[in-house]
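The values are calculated or read from the model by the stated rules, or taken from the named source; none is laboratory data. Being a predicted model, the structure only gives us computed values, none of them experimental. Backbone-built Cβ (ideal geometry, glycine too); neighbour counts: all protein chains shown. Note: areas computed on protein heavy atoms with side chains; ligands, DNA, RNA excluded. Shrake-Rupley method; radii C 1.70, N 1.55, O 1.52, S 1.80 Å.
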Amino acid sequence: MQRLLSVEGSAPDEVVRFERVSKRFGPELLALNEVSLSVRAGEVAVLLGLSGSGKSTLLRHVDGLQRPSSGSVTVLGTDVGRRGGSELRRLRRRIGFVFQQFHLVGSLTVLENVCTGALGGLRGPRLGLFSYPKAVRHEALGHLERVGLADRAFQRADTLSGGQQQRVAVARALMQNPEILLADEPVASLDPETSAQVMSLIREISAERKLTVLCSLHQVDLALSWGDRVIGLRAGCVVLDTPVAGLGRDEAMSLYSRVGALPVAAAV
Ligand SMILES: Nc1ncnc2c1ncn2[C@@H]1O[C@H](COP(=O)(O)OP(=O)(O)OP(=O)(O)O)[C@@H](O)[C@H]1O
Ligand SMILES: [Mg+2]
């Protein structure tokens with residue numbers, strides 16, 4: 001099963017590189033255990049694994065929300081674990097993040113929610129849609145068109161369905177013109193049909209912009225349908241790292257079996 005990508009020497013279009021990354025929370029808990037992987041520009045890499053296996057922790061290392069206890073994380077050429085302050089903020093502007101709970105401001109219009117994605121590049125606070133420069137509003141509308149929701153621009157965000165809200169969250173992330181999109185269980189609260197729509201949208205946008213996507217999911221079928229590559233975690237170790245092409249459903253499902261040991265890639 002083990003097909004760990006070699007991280008010896010960086011590939012020219014490598015955007016994310018973990019080298020023997022371990023993350024310890026207290027003396028007992030090793031959330032990531034010697035994780036090594038490399039993600040290329042434009043790749044859609046799906047993280048699979050049981051609850052608590054370390055998927056969110058891994059994603060949070062990519063934009064420096066968490067720092068490795070040992071090992072190194074290099075993202076877009078920046079050593080995330082060793083950088084702070086303005087350098088980390090600059091890096092974060094190049095990374096979009098979408099979450100299971102969308103995190104929209106329900107009382108604001110859809111369009112204003114999308115505009116907030118530009119805040120990292122603007123000076124000073126903004127209050128109300130017209131406090132954003134016209135170019136920002138225009139761009140936000142373009143992203144709403146892209147996700148198929150331009151007709152909802154002036155509706156309150158909390159009046160949209162879950163799938164629509166997640167598409168707005170994707171549009172908001174696009175305001176950063178990100179090079180990497182991190183998606184932590186972006187479809188966990190959606191029904192199967194809507195989940196497929198959102199994953200399909202993320203996949204299309206990745207292809208259009210050569211946007212690198214790291215996405216955690218629990219649905220193996222979605223991973224096989226929309227991912228380029230599956231990275232399987234178990235107890236903080238990478239136990240599977242393989243292109244989706246040629247990956248069998250049973251092999252992917254075995255990540256969710258609680259019995260039986262999988263080969264531990266990180267030990268190789
Ligand atoms: N800030 C933290 N402090 C202490 N422990 C943490 C922290 N963040 C994560 N953990 C622990 O690290 C382990 C991995 O958690 P993580 O959230 O990465 O799992 P996950 O694979 O995303 O799970 P799920 O599928 O439930 O979202 C868990 O045991 C979790 O309790
Ligand atoms: Mg998680």
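Key figures
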read-out: Pairs with Cβ under 6 Å, 6+ apart, first in the range 82-100 and over 14 Å from residue 120 (Cα atoms) and open to solvent by less than 70 Å² (accessible area, probe 1.4 Å), second among the small types (Gly, Ala, Ser) and assigned to a strand (DSSP E or B); value: 98/183
read-out: Qualifying residue in the range 153-160 (condition: small (Gly, Ala, Ser) and within 17 Å of the chain's Cα centre (by Cα)); value: no
read-out: Whichever residue in the range 69-110 is polar (S, T, N, Q) and within 17 Å of the chain's Cα centre (by Cα) and, among such residues, is nearest to ligand 1 (Cβ to nearest atom); value: 100
read-out: Any hit, the range 166-185, residues being open to solvent by 30 Å² or more (accessible area, probe 1.4 Å) and either within 16 Å of ligand 1 (Cβ to nearest atom) or hydrophobic (A, V, I, L, M, F, W, C) (or both); value: yes
read-out: Any hit, the range 112-133, residues being over 28 Å from residue 86 (Cα atoms), in a loop (DSSP other than H, G, I, E, B), open to solvent by 40 Å² or more (accessible area, probe 1.4 Å) and of a type in the set (Gly, Ala, Ser); value: no
read-out: Condition check for residue 59: within 16 Å of ligand 2 (Cβ to nearest atom), open to solvent by less than 20 Å² (accessible area, probe 1.4 Å) and more than 30 Å from residue 139 (Cα to Cα); value: no
read-out: Of all residues making up the range 66-95, the number that are touching a strand residue (DSSP E or B) at 6+ places or on another chain (Cβ under 9 Å) and either within 16 Å of ligand 2 (Cβ to nearest atom) or in a loop (DSSP other than H, G, I, E, B) (or both); value: 7
read-out: Residues (within 17 Å of residue 227 (Cβ to Cβ) and under 12 Å from the mean Cα position of the chain (by Cα)) located in the range 42-68; value: 43, 44, 45, 46, 47, 55, 58, 59, 62
read-out: Close pairs from the range 28-51: first touching a residue at least 40 places away in the same chain (Cβ under 8 Å) and over 26 Å from residue 207 (Cβ atoms), partner of a type in the set (S, T, N, Q) and within 10 Å of ligand 1 (Cβ to nearest atom), Cβ under 6 Å, at least 6 apart; value: 31/57; 32/57
read-out: Residue within the range 45-52 that is assigned to a helix (DSSP H, G or I) and crowded, with 20+ Cβ neighbours inside 10 Å present; value: no
read-out: Output for the range 32-44, where each listed residue is surrounded by fewer than 23 Cβ atoms within 10 Å (Cβ to Cβ) and either of a type in the set (Gly, Ala, Ser) or farther than 23 Å from residue 245 by Cβ (or both); value: 33, 34, 36, 38, 41, 42
read-out: Members of the range 163-194 that are in contact with a strand residue (DSSP E or B) (Cβ under 9 Å, 6 or more places away or on another chain) and under 18 Å from residue 150 (Cα atoms); value: 166, 169, 170, 172, 173, 174, 175
